[in-house]
Amino acid sequence: MSRPTNESPRPYDPVDLSSRAFWAGTDTERETAFAELRAKRPVSWHRPLEDLLFTDPNDTGFWAIVRHADLVEATKRHEDLISGEGILMESLPPELLEAGQSIIAMDPPRHSKLRRLISKAFTPKQMKRIEDRIRANARMIVDDLAPKGEADFVAECAALMPMHNICDMMGIPYADRQKVAHEAAMPTGVSDPDVVGEGDPVQRLFEAAGYLHDMAKRLAAQRRDEPGDDLITALAVSEVDGARLTDDEIGAFFVLLCIAGNDTTRQSTSHAMKALTDHPAQRAWLMADFDGRITGAVEEFVRWATPIMTFRRTAARDIEFGGQTIRSGEKVILFYSSANRDETVFDRPNEFDLSRDPNPHVGFGGNGIHHCLGNQLARTQLRVLFDELLHRLPDIQAGEPDLLNANFIHGIKRMPCTFTPQR
């Protein structure tokens, strides 16, 4: 599609959302900037992101959408604001877009066809089928955690829950699970040396995508010969209008599910554990009627964590939005972390309130065509894991988190926890 030409340059907003320092700051510091923009300049123009991995000579900046109502509107205007150019703030090479973002970076009609195929793996029947496995995995994780008395909550609890559940859904052998989870962490942690190591970040991105694609293709070939009761089988044999997913399409969705399915639940779990530690009155309120209150509490876990902080769209044509003229080809960034703190939508938005009702958060993407297919899976995992954790380790406390410096995932890399050992 056509790219912006900067025919008549416009000034960049004085609030800096582009620097590495901004994203290395605290949630409170970022929220101060977002609050100013929500109040005064809800659709604003910003300079290109700092420290890009891939040079884009046509990158002139991006529009920031920070209010809840505007973000929801943007998710519904999929013909004006398209996803096929990528969903990250940074522009990726086409081969990485195709290999790693699947339907989340597609537009109709291709998006519509593939989503219908893929959605067959996320029916209520499928979710009910795996609920017993989710409970079993939660018990296994807490069984292993309980005797220790202290642990890295992320590595030994929050990361394990989605890893085992996603791998169970897809039929990934136990021997491959840690490697799959490690490679799946690469795309969202590529800016962090702790994740990438000493290797070249770009090379590691391609290596991770290649490994996950090869895994998916191998599993799909096996399931066509010997169908199982798993998601890979559903993807490999399902048809819509006589069409099946290709191996490349299965591979791309496999990558997306490994990344999104692991990262979002892991981060929601970690941020929720820290919030329950920091707000003991909220924790006590929840435990007074856990079964009756956990469903609503999970919505606040997700709002509070907002595990995906940003999504990009690209203007398909010149449009008017929020009183601004957005030119064809310009980036538009949806700031979910700001929308979930919008004071015009949420009463006391900077307070952790498990009784919040209503709670129209946009933690699962808003209400457009890209609303998260796995939202019920994520909710179930959070509900079940905290049931096990808070009842079996009633005094578990989180320490200070080591945060991921990134503009996409609201990440906690490590976080100590302590509790009375249970034998």
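Pairs of alpha-carbon atoms within less than 8 angstrom and 6+ residues apart define the contacts here; what relative contact order does the chain have, in percent?
Numbers: 681 pairs, mean separation 107.9, N = 423.
Contact order relative to length: 26 percent.
When only C-alpha pairs under 8 Å and at least 6 residues apart count, what is the relative contact order of region 84-200, in percent?
Values: 44 pairs, mean separation 16.3, N = 117.
In percent, rounded to a whole number, it is 14.
How far apart, in nm, are the 7 Å Cα→Cβ label points at T420 and E29?
Rounded to a tenth, the inter-label distance reads 3.9 nm.
Local charge sum around V15 (other residues, Cβ-Cβ under 10 Å, Lys/Arg +1, Asp/Glu -1)?
Details: positive: K40, R41; negative: D13, D16, E36.
Its environment carries a net charge of -1.
What are the GluC sites (Glu not before Pro) within region 330-423 that DSSP puts in a loop, where the Cβ has at most 12 other Cβ atoms within 10 Å?
Working: sites: E330, E343, E351, E388; in loops: E330, E343, E351.
For GluC sites (Glu not before Pro) across region 330-423 that sit outside H, G, I, E and B with at most 12 neighbouring Cβ atoms in 10 Å, the list reads E351.
Taking Cα extents along the principal axes in Å straight from the coordinates, which label in (i) 75, 61, 47; (ii) 82, 49, 45; (iii) 69, 54, 43 is the correct one?
Derived directly from the coordinates: (iii).
Take D318 and S238, extend 7 Å from each Cα along the Cα→Cβ direction, and tell me the distance between the two endpoints in nm.
About 4.2 nm, to one decimal.
So what's the gap between the Cα centers of region 399-423 and region 71-93, to the nearest angstrom?
Cα centroid of region 399-423 versus Cα centroid of region 71-93: 30 Å apart.
Please report, for the Cα atoms of region 246-287, the Rg to one decimal and the Dmax as a whole number; what are they, in angstrom?
Gyration radius and largest Cα-Cα distance of region 246-287: 16.7, 51 Å.
Grab the Cα-Cα distance for T295 and N405, subtract it from 0.36 nm times how many residues apart they are, and report the gain in nm with one decimal. Each step should come with its number before you reach the end.
Numbers: separation 110, 0.36 × 110 = 39.60 nm, distance 3.05 nm.
Roughly 36.6 nm would be gained on extension.
List the lysines whose alpha-carbon lies under 24 Å from that of K148, not counting same-chain residues fewer than 8 positions away?
Once the sequence-local lysines are set aside, what remains near K148 is K274, K413.
Run the numbers on region 184-300 and let me know its relative contact order in percent, using alpha-carbon pairs under 8 Å that are six or more apart. All intermediate terms of the calculation are to be shown ahead of the outcome.
Numbers: 74 pairs, mean separation 25.4, N = 117.
This gives 22 percent for region 184-300.
So, in Å, what gap is there between the alpha-carbon centers of region 186-252 and region 105-138?
15
The numbers here are math on the coordinates, done by the rules we state, and not lab data. Worth saying up front: this structure is predicted, and the values here are computed from it rather than measured. Virtual Cβ from ideal backbone geometry, glycine too; neighbours counted across all protein chains shown.
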